[in-house]
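Asks: Here it is, the structure, as C-alpha cells.
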Amino acid sequence: MKILIIESESYLAQSIANKLGALGHECTNAASLAAAASLAEEFEAVLLSTSWSGASFYPLIEKFRRSIIILMVAYVDSETVLNPVKAGATDYIQKPFMIEELIKKIEHYAQFRSLKSQNEAYEALLKEASLSCEILHTRLTQIKFPLLLRGDAAARAAAVFKIALALKSRLKILSAQSLEPLERGAEIFYVPDFDSLSGAQKEKFISKTKSMRVIAGSISAQKGFSDEITLGSSKERSEILSIEEYVKLTIVAHQDEYFDSDLAAALGISRKSLWEKRKKYGIARKK
C-alpha cells in the first residue's frame, strides 16, 4: 500500500515509515504542508498531522479525498478532529500511539473500501445484465421459491440478476454438486448446472431446497418446484453452463466495460485469478 506521512517531526515520521515499510508498505514522507501539496502522485492512505501553527491542512484533505486519511492529533477537540472529519478525513489517532493501533485502522478502512468497491461493481453488473431480460416486474414480485428457471444459459444469467435486483437480495452462485453452503436466509442461491444431476439427484435436490430461496437453471421442465419461469430463447443454442463456463461467459461479456478490479470483485476472484482464467480460456482483451 502506498502511504503518505505528513508530519513535521522528522523522527516520528521516519519511525512510522520504518515500521510500515517493514510490513511491505511503500511510504513517502512530507515534512511540510507545502511539500505534500506539491506531490502529483496518488496514495492509498495519508497520515496527516494536525499540528501546524498558522497553516491550514484542509486543502490537503480535499487534495487526497480519494485516499484513506488518518489524522494524527495531539489532543481531541472540534478543530483537530470533528471539523476535519466533516471535511472528508476518514478517522484519527491520538499521539502518542502504538504502531499496531495505526496499522489496524489502516487495514480496517482498506478492507472496507475494497468491499464497498466490490458491492458497487456487483450492483453495476446486476443492473446491466437485467436490461437484457424481459420478465415483467409484476411477475418478479410474485416469485415463489424454489424456482425453476428455464431457458438458454445467457437468458438465465440475465434473469437471475434481474430477480436478485428486484427482490433487493444478495446472490450466491453454487454448483449442484456442492450444496454445503446452502441454508435458509435472505440470500438467493442460483444453481446454473441443475441439468448435470441424475434423475435421483434432482429429486434429492428438490427435497433439500424445499422452501429455500433457490433458483435452479434448466433447459427442460421438472416437477417439484414451487414456481417456474420459461424464458424466450436467445439466438444462441441452449446449453448447460458449468460454474467455470458461467465465469468465462461473464468475462467475455463484460471485460470491455469494467476495470479488471471491478470485474474480479463481481466474480469473487482476485485480479491474478482473472488474468489466469483469461490465459486458460484464451480470452484476449481489446486494446
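The values are calculated or read from the model by the stated rules, or taken from the named source; none is laboratory data. Nothing here was measured: the structure is a model prediction, and the numbers come from that model. FYI the Cβ positions are ideal-geometry reconstructions off the backbone, even for glycines, and counts take in every protein chain you see.
Asks: Can you confirm whether the range 48-63 contains a residue that is under 20 Å from His108 (Cβ atoms), in contact (Cβ under 8 Å) with a residue 12 or more places away in the chain and part of a helix (DSSP H, G or I)?
Replies: yes
Asks: Part of a strand (DSSP E or B), touching a strand residue (DSSP E or B) at 6+ places or on another chain (Cβ under 7 Å) and either at pLDDT 80 or above or aromatic (Phe, Trp, Tyr) (or both): is that true of Ile69 in this structure?
Replies: yes
Asks: Identify the residue in the range 159-181 that is under 19 Å from the mean Cα position of the chain (by Cα) and small (Gly, Ala, Ser) and, among all such residues, is farthest from Gly232 (Cα to Cα). Can you show your working first?
Replies: First, pick out the residues of the range 159-181 that are under 19 Å from the mean Cα position of the chain (by Cα): 160-162, 164-165, 168-174.
Adding the requirement that they be small (Gly, Ala, Ser) leaves 164, 169.
Values: Ala164: 19, Ser169: 24 Å.
Here the residue is Ser169.
Asks: So, restricting to helices (runs of 4 or more DSSP H) that lie completely within the range 96-212, which ones have at least 1 residues that are modelled with pLDDT of 85 or more?
Replies: So the answer is 99-130, 153-166, 199-208.
Asks: Filter the range 183-204 for residues that are crowded, with 18+ Cβ neighbours inside 10 Å and either farther than 13 Å from Ala216 by Cα or under 22 Å from the mean Cα position of the chain (by Cα) (or both) and give the result.
Replies: If the condition is that a residue be crowded, with 18+ Cβ neighbours inside 10 Å and either farther than 13 Å from Ala216 by Cα or under 22 Å from the mean Cα position of the chain (by Cα) (or both), then Ile188, Phe189, Tyr190, Val191, Pro192 are the ones that fit.
Asks: Among the numbered criteria (1) over 26 Å from Gly268 (Cβ atoms); (2) out of contact with any Phe, Trp or Tyr (no Cβ under 9 Å at 6 or more places or on another chain), which single criterion is violated by Leu71?
Replies: Only one criterion is unmet by Leu71, namely (2).
Asks: Residues in the range 15-30 that are of a type outside the set (D, E, K, R) and surrounded by 15 or more Cβ atoms within 10 Å (Cβ to Cβ): how many?
Replies: Residues in the range 15-30 being of a type outside the set (D, E, K, R) and surrounded by 15 or more Cβ atoms within 10 Å (Cβ to Cβ): 8 in total.
Asks: Sticking with this one: Taking the condition of being modelled with pLDDT of 75 or more, of a type in the set (Ser, Thr, Tyr), outside any helix (DSSP H, G or I) and farther than 24 Å from Ser114 by Cβ, how many residues in the range 229-286 meet it?
Replies: 1
Asks: Quick one: in the range 31-55, of everything that is in contact with a Ser or Thr (Cβ under 8 Å, 6 or more places away or on another chain) and under 15 Å from Leu102 (Cα atoms), which residue is surrounded by the fewest Cβ atoms within 10 Å (Cβ to Cβ)?
Replies: Glu44
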